[in-house]
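One structure is given here, and the rest of the page talks about it.
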Amino acid sequence: MRTLLTTVLLATALLQPTTAPAQEFPSKPIKLVVPFAAGGPADTIARAVAEKMQGIVKQPVVIDNRAGAGGAVGTRAVAQAEPDGYTIGISTAGALAISVSMQEAIGYDPRKDLRALTLAASVPELLVVGKTVPAKTLPELLALAKAKPNSLNYASSGAGSMPHLAGELLKQYGKVEMAHVPYRGAAPAVTDLLAGQVDLMFMDIAVLLPHVQAGTIRAVAIGSARRSDALPDLPTTAELGLPQVVADNWYGVVAPPKTPQPIVDKLHAALVASLQSPEVKEKLALQGAVVVGNTPDEFAAYIRSEIDKWAEVVKTAGVKPN
């Protein structure tokens, strides 16, 4: 009997280190890694969420900007962090889905080296043309491109970026030929569009909206399955007969792969509560973002589906890995 009691007590003691941290979590600041420089869309979304989240978890949520390789550097840092819940990260379609096909060695596999927490927000890509392009609608743009193949060119924020692959979708399903002009980021691409050096582009709606509102460029479609509240009268590519040309950029929160389930549950609850707050919804709406806040399993399935989708686009378009 004494031996049995000793065994039970020993087993109970051994269980304490694994269960206690989850019960106490969080007991110190949480680091939220942003794999881009301060001031960009991912950083803006992360800061809005972090500000609200720290009031919920009763601990500071500190932003850590780690830019590089299209988001892969910061996302890899999260994958390699201690799985204790104190390092999480916001990442993007580029680093969690497109990079698998576009970068030969990113240092992690999003499907197994990261723990999905929630899809935070979705941002539609806006299709615009410069003032020198006579087309005022998407059908007119496609007709113009078909009449003179390769006479139009489209800009992107870089080879393999969401704007680039959105353009490839338009070429494939719109049955047109256009030249791709990659830039090192969105800012120089927009500058050349405004100057008439390039003809059209897809880009996050928040980047292009001020120029559309100023009348310096013309919006012809939203590359999404639903209209944007920012431009409610602008039809989607799906409404205009191209349901395959959907290129929502998105931002989701991930954790290291072996983060314990009780900690995942607490992080998920705090993240979703933050996202659903009126303050965060309002801030994200200014970025043209639509709040999501789904479950970890739903987000993990979405990442896998996006990897497959963009891998097929990369293959069909013959885009070469970096």
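Numbers at a glance
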quantity	calculated
Percent RCO, i.e. relative contact order, over the range 125-223, from Cα pairs under 8 Å lying at least 6 residues apart	47 percent
Entries of LYS175/LYS309; LYS283/LYS309; LYS148/LYS171; LYS58/LYS266; LYS112/LYS309; LYS28/LYS281 with Cα pairs more than 24 Å apart	LYS283/LYS309; LYS28/LYS281
Net length gained if the chain between THR216 and ASP233 were fully extended (0.36 nm per residue, minus Cα distance)	4.3 nm
Relative contact order %, the chain, counting alpha carbon pairs below 8 Å whose residues are six or more apart	26 percent
Computed lengthening from ILE56 to ALA37, 0.36 nm per intervening residue step minus Cα-Cα distance	4.2 nm
Cα-projected label distance for ALA195 with GLN172, points at 7 Å along beta-carbon direction, nm	3.2 nm
Given charges at Cβ of Lys, Arg, Asp, Glu: the range 34-138 dipole, positive-most of ALA77, GLY94, ASN65	GLY94
Electrostatic dipole magnitude of the range 125-223 [Cβ: Lys, Arg +1; Asp, Glu -1; Cα centre; debye, to 20]	220 debye
Charge dipole magnitude, Cβ of K and R +1, D and E -1 - the chain, Cα centre, debye nearest 20	220 debye
Rough spin-label spacing in nm, given labels placed 7 Å along Cα→Cβ, for ARG184 and ARG111	3.4 nm
Ellipticity estimate at 222 nm from DSSP helix runs (n ≥ 4, -39,500 (n - 2.57)) divided over the chain, nearest 500	-13500 deg cm²/dmol
Positive-end residue of SER156, VAL129, MET201, charge dipole of the range 125-223 with Cβ unit charges	VAL129
Fewest-first ranking of LEU169, LEU117, using other Cβ atoms within 10 Å as the exposure measure	LEU169, LEU117
Fewest-first ranking of ASP199, ASP229, using other Cβ atoms within 10 Å as the exposure measure	ASP229, ASP199
Average Cα contact separation per residue, the range 19-92, under 8 Å, 6 or more apart, as relative contact order %	43 percent
Hz values of 3J(HN,Hα) by residue in the range 51-60 - Karplus curve (6.51, -1.76, 1.60), Gly and Pro given as x	4, 6, 5, 5, x, 7, 8, 6, 9, x
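No value in this document is a laboratory result; all are computed from the given coordinates. The shown structure was predicted, so the numbers you read here are calculated from the model rather than taken from an experiment. Note that each Cβ is placed from the backbone with ideal geometry, even for glycine, and that neighbours are counted across all protein chains shown.
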